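The values are calculated or read from the model by the stated rules, or taken from the named source; none is laboratory data. Because the structure is a prediction, the values reported are computed rather than measured. Virtual Cβ from ideal backbone geometry, glycine too; neighbours counted across all protein chains shown. We work out accessible area using only protein heavy atoms, side chains counted, and drop any ligands, DNA or RNA first. Shrake-Rupley method; radii C 1.70, N 1.55, O 1.52, S 1.80 Å.
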Amino acid sequence: MMEQTNDSPRRGRWTRRLAALPVMAVAGLVAAGCGGGSGGGAAATPAPTPVTPPAPYPDPVDPTDRTPNVVHDDDAVWSWDERDPRLFLEPGGQNAPQAAYGMELMANSPLPEGFGTNSDLAFAGNYAFVGNYNGYNIYDVSNPANPVLHVSVLCPGNQGDLSVHGNLLFKSVQAASARLDCGPQGVDGPVSPERFRGVRIFDISDIQNPTQVAAVQTCRGSHTHTLVTRPGDDANVYVYVSGTSGVRSGEELPGCVSDRDDPESSFFQIEVIRVPVAAPHEATVIRESRVFADAETGDIAGLRGLTRDGRPAQSPINACHDITTYPAIGYAGGACSGNGLLLDIRDPANPVRVHEVADANFAYWHSATFNNDGTTVIFTDEWGGGSSPRCRAIDPPEWGGNAIFDIVDGRMELRSYYKIPVPINPTCVAHNGSLVPVPGRDIKVQSWYEGGISIFDFTDSANPFEIAFFNRGPNTQGGGGFWSAYWYNGYVYGAELGRGLDILRLTPAEFLSANEIEAAMTVVMDEFNAQHQPRIEWPVTFVLARAHVDQLERAGVLSSGMVERLRTELASAEGASGNARSQAAERLTSTAGELAGATLAAPVHGTPEIANRQRELLVQAMRDLAGTLR
């Protein structure tokens, strides 16, 4: 248990507002592939013909039971379904063969000229912001079937993860060659006033002309960053900075300390930036939070991961790779190379570690995702840093995938692991993803580099299983598959490292109904950053109730007669008008009461607890609908 707050407030020698350093507005603002603003745009690439597997796929197969039709390799340590079309993908370029189930590619927008590897995604309104090692691109996705490249910003600085908050866009920069003015020419010498490593802030109120308004320098740069907000405080947004490179010279940035044994070391911390929303140029680092400190001794290098044989690692943890904040529940999940952290963020300026876990199966704790209730957290293991295969037949299912923990009384308890259920020999390891807002279920969409995109259900945290997937054959033109895959306002957006931006939609499948997909599409967000997780709320709709009926039918806990009755009454109520509305309301209320008191059969899928929860949600939805009819 970590209770002390022995963080170092920002020392006086660091308090100058580095955002006020002279910078160019934006260097190399280019509308690549478009005739100025949103009037033009790169045409979406038509989808190629999907690959045809050698046997019909899928037949109705329980995805939690992979014993039928499996391949057994002499050196394999697990089994898989030999009919899975991902096994038969051939290499190709932009239009490589595809394999998909429960997903369909709607559009692809190739990388604009001058831009290399894609990275992370952020969203606001009708725009998708795609990070890139050379800057970022802004797409108009008001028509997801035809994304339009709106504007491109050349501003090199390594992977360039993005976040958006109102009219502000944040960009991580860690490369030693990055410049304050966004120039592409690099920086000479080990110490230079032109070098920039930290978090850039752009004003995007004029979406056609993003302008850099702040550049907050940090000692180790910003490999990733995470936005943090406090409910009720609209005046400020906070940024947690995760820098994973070496410490720069104190001559270049006063206050930087590279000695790991120095109690003022710039290792073993996350930096907290406060950004006044109305005056972003005043953004500054306000705290170095020592979230790795030993709870008893205060040693700032107080955490270690585990080796493969379960022994404490030789080196202590000195940085987080990524942090996901969930302000509505007051927690953040820190994926910190050798450990997974649970942080109390009710005071965003002062994150406090409340629990930590380590796992001998994990090589590099990479990112985190909470379920919507905040009772479960998933940590990913990016073993090999995204450049090594970890989905092979010889790699145990616990390696290079996800670890799923329940949060019980402020402590994380391991329940299970999840990895894509077929062997992939190219670069494949767990990477970035987000929740898919299917009501009554915990579902995540996730990227796996050349393993593609996998959507899985973890409602039963002890028994996760895949429900949909999409992938292409390896890219013969370079690039390593999907960096990120996120759900935003009805669609899945994938940042393909070498092939550009993909937009996909879900299609009905064995464990995902049309009603569940439509109910998920009723969730509309003004903006979305996967590492700043919002609480999902569903509007009162008839499709919400129908989705819960589908779930109870799939679980096998209701009689066919009750399922038919529920669907009939919902359809009748939805079409009711005039005096019939009040009568329909009474029937819904009566049936809801009857359902609430009914004894459910033993579920054929899922657990009794899940079925009861979905029954409660259906009862509430029916009562809410009745209220709208009166």
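Observations, loosely collected:
- Cβ-based net charge around Asp188, under 13 Å, with every Lys or Arg adding one and every Asp or Glu removing one: 0
- For the stretch 341-403, the residue among Tyr364, Val354, Ile378 whose Cα projects farthest onto the positive side of the dipole built from Cβ charges is Tyr364.
- Using the 1.4 Å probe convention, the accessible area of the chain works out to 36 Å² per residue with neighbouring protein chains retained.
- Here the spin labels are modelled as points 7 Å beyond Cα on the Cα-Cβ line, and at Glu574 and Asp234 they lie 3.5 nm apart.
- Integer Hz, Karplus 6.51/-1.76/1.60 couplings in order for the stretch 110-124, x for Gly and Pro: x, 4, x, 4, x, 10, x, 6, 6, 9, 8, 10, 9, 9, 8
- Accessible area of the chain belonging to carbon and sulfur atoms, whole % at 1.4 Å probe: 48 percent
- In order through the stretch 447-452: 3J(HN,Hα) via Karplus (6.51 cos²θ - 1.76 cosθ + 1.60), integer Hz, x for Gly, Pro: 8, 9, 6, 6, x, x
- Counted by Cβ distance under 10 Å from Ala99, the other residues give a net charge of +1, where Lys and Arg count +1 and Asp and Glu count -1.
- If you plug the beta carbon distance of Glu104 and Glu609 into 1/(1 + (r/R0)^6) with R0 = 25 Å, you get a FRET efficiency near 0.15.
- Magnitude of the charge dipole, the stretch 190-238, Cβ model with Lys/Arg +1 and Asp/Glu -1, debye to 20: 340 debye
- Total charge dipole magnitude, the stretch 272-326, about the Cα centre, Cβ charges on Lys, Arg, Asp, Glu only, Debye to nearest 20: 100 debye
- Amide hydrogen neighbours beyond the local backbone of Gln159, cut-off 5 Å, H modeled: Gln174
- With the charge dipole of the chain set up from +1 on Lys and Arg Cβ and -1 on Asp and Glu Cβ about the Cα centre, the Cα lying farthest toward the positive end among the listed residues Tyr127, Ile455, Asn236 is that of Asn236.
- Dipole check for the chain: with +1 at the C-beta of Lys and Arg, -1 at the C-beta of Asp and Glu, and the Cα centre as origin, the magnitude is about 1060 Debye.
- Translational diffusion of the stretch 85-528, estimated by Stokes-Einstein from the Kirkwood radius over alpha carbon pairs at 10 °C in a medium of 1.306 mPa s, is 72 µm² per second.
- Once the Cα gyration tensor of the stretch 367-487 is diagonalised, semi-axes √(5λ) in Å: 25, 15, 12
- Between the amide H of Ala107 and those of Ile503, distances stay under 5 Å, these residues lying 5 or more places away or on another chain, with hydrogens modeled in the peptide plane.
- Angle in degrees between helix 580-597 and the longest Cα principal axis of the chain, rounded to the nearest 10: 80 degrees
- The phi-based Karplus calculation (6.51 cos²θ - 1.76 cosθ + 1.60; θ = phi - 60°) puts the 3J(HN,Hα) values of the stretch 390-400 at 9, 10, 7, 4, 8, 8, x, x, 7, 9, x Hz, whole numbers, x for Gly and Pro.
- Rounded Å value of the spacing that divides the Cα centres of the stretch 90-148 and the stretch 505-583: 29 Å
- Ellipsoid equivalent to the stretch 542-629 - semi-axes via the Cα gyration tensor, in Å: 24, 11, 10
- Here's how it looks for Val436: its modeled amide H is under 5 Å from those of Ile443, Lys444, Val445, which are all 5 or more places away or on a different chain.
- Cα gyration tensor shape of the stretch 168-244, rounded if a/c is under 1.5, else prolate or oblate by comparing a/b with b/c: oblate
- Computed E for Thr628/Ala601 - FRET, C-beta separation, R0 25 angstrom, nearest 0.05: 0.25
- When the helices of the chain are scored as -39500 (n - 2.57) per DSSP H run of n ≥ 4 and the total is divided over every residue, the value at 222 nm lands at -4000 deg cm²/dmol.
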